[in-house]
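Working notes for the structure below.
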Amino acid sequence: MDRTQSKILAALWMAGWLSLTVIVAVAGREAAREINLFQLMEMRSILGFLMLYPLIHASGGFGAMRTARLPQHIARNLIHYGAQFGWFLALTLIPIGQVVAIEFTMPIWTAILAATFLGERMTIWKIAAIVLGIVGVVVIVRPTTSEVNPGQLVALAAAVGFGVSVAMVKSLTRTEQTLAILFWMLVVQSVAGLLPALYVWTWPPAHIWGWVVVIAFCGTVSHYCMARAMLHADATVVIPMDFLRVPLSAAAGWLIYSERLDLFTALGAALILTGNLLNLKPNPSTKASARS
């Protein structure tokens with residue numbers, strides 16, 4: 001598997017992630033109007049598995065998916081399941097652009113965890129990104145006012161979960177193939193959500209199946225794009241590229257739902273963007289290595 005370190009290759013894979021996740025946000029909101037989130041997520045996991053199976057078969061079948069790191073896969077995917085549930089829930093409570101803006105605290109948690117557990121260097125630029133990200137979220141959520149929406153807090157909790165999940169994915173990419181990471185994601189999340197989904201199950205209308213298929217396809221392929229991007233750059237470099245999802249999601253919310261970002265959300269998002277751009281600055285040691 002090609003593990004060449006290249007920001008260009010990482011950016012190309014992230015372009016796929018960006019496009020697909022915006023589509024998932026719109027499809028998720030539409031589907032969640034008529035079916036329970038547990039059911040939505042279970043249908044997404046099962047359909048995603050069926051869509052992934054041809055790749056699994058071509059790669060040697062289930063035997064090729066064996067892993068010596070099953071506990072890490074289970075832990076990562078239970079955390080990701082909870083974060084994903086929170087993300088879908090937040091989409092039903094606050095504007096899409098605001099959900100995505102708050103979600104961009106994820107690089108804060110990813111940077112901290114990658115530096116603590118994966119040995120990635122914590123530079124002055126990464127620290128600046130963390131500080132600006134925290135300030136940006138405070139501006140968006142405004143905890144000192146009476147305007148705090150529960151959806152904002154749900155989105156923030158989801159972002160923490162995604163940050164933990166991404167750091168664990170980065171660790172898994174050191175030994176696991178991208179396809180195996182996706183395989184165990186779908187298996188673990190299908191098992192985790194089965195009983196809750198059966199408890200709330202109602203047969204969806206025909207048009208909802210269409211949205212669920214879109215979510216399953218785009219959600220599964222987007223994770224493949226993310227995992228591939230992680231092969232080519234540090235997590236703390238890859239994740240900030242994701243910030244383009246804020247204007248893209250805001251544009252989708254405006255065009256489809258006539259949503260508008262308020263001044264505080266725009267200012268907070270700008271602060272997070274500034275921190276993420278600083279985070280992309282090369283390390284002095286990297287420059288020195290390049291010169292030598």
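The values are calculated or read from the model by the stated rules, or taken from the named source; none is laboratory data. As the structure is a computational prediction, the values presented were derived from the model and not from experiment. Note that we place each Cβ from the backbone using ideal geometry, even for glycine, and neighbour counts take in every protein chain shown. All accessible areas refer to the heavy atoms of the entire protein, side chains included, with ligands and DNA or RNA removed. Shrake-Rupley method; radii C 1.70, N 1.55, O 1.52, S 1.80 Å.
Just one of Arg245, Arg228 is charged (D, E, K, R), closer than 17 Å to Arg29 by Cβ and out of contact with any Gly (no Cβ under 8 Å at 6 or more places or on another chain); which is it?
Arg245
Report whether or not Glu147 is modelled with pLDDT under 90, open to solvent by 50 Å² or more (accessible area, probe 1.4 Å) and acidic (Asp, Glu).
Yes: the conditions hold for Glu147.
Could you figure out which of (1) under 30 Å from Asp262 (Cβ atoms); (2) in contact (Cβ under 8 Å) with a residue 60 or more places away in the chain isn't true of Ile108?
Every listed condition holds for Ile108 apart from (2).
Looking at segment 1-15, which of its residues are part of a helix (DSSP H, G or I), of a type outside the set (Phe, Trp, Tyr) and either open to solvent by 30 Å² or more (accessible area, probe 1.4 Å) or at pLDDT 90 or above (or both)?
Selection gives Lys7, Ile8, Leu9, Ala11, Leu12, Ala15.
Restricting to segment 15-61, name every residue that is aromatic (Phe, Trp, Tyr) and free of Cβ contacts under 8 Å to residues at least 12 places away in the same chain.
Result: Tyr53, single match.
Could you pull out the residue among Val164, Val191 that is open to solvent by 10 Å² or more (accessible area, probe 1.4 Å) and free of Cβ contacts under 8 Å to residues at least 24 places away in the same chain?
Testing whether each residue is open to solvent by 10 Å² or more (accessible area, probe 1.4 Å) and free of Cβ contacts under 8 Å to residues at least 24 places away in the same chain leaves just Val191.
So for segment 50-58 (the condition being within 20 Å of Trp211 (Cα to Cα) and open to solvent by 10 Å² or more (accessible area, probe 1.4 Å)), does at least one residue qualify?
Yes, segment 50-58 contains at least one residue that is within 20 Å of Trp211 (Cα to Cα) and open to solvent by 10 Å² or more (accessible area, probe 1.4 Å).
For every residue, the table says whether it meets (1) open to solvent by 20 Å² or more (accessible area, probe 1.4 Å); (2) modelled with pLDDT of 90 or more.
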{"position": "Leu186", "(1), (2)": "no, yes"}
{"position": "Pro204", "(1), (2)": "no, no"}
{"position": "Val213", "(1), (2)": "yes, yes"}
{"position": "Val221", "(1), (2)": "yes, no"}
{"position": "Leu244", "(1), (2)": "yes, no"}
{"position": "Leu261", "(1), (2)": "yes, no"}
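Could you list, ordered by first residue, the pairs with Cβ atoms under 6 Å in which the first is in segment 72-101 and open to solvent by 40 Å² or more (accessible area, probe 1.4 Å) and modelled with pLDDT of 95 or more and the second is part of a helix (DSSP H, G or I) and of a type in the set (Asp, Glu), at least 6 apart or interchain?
none
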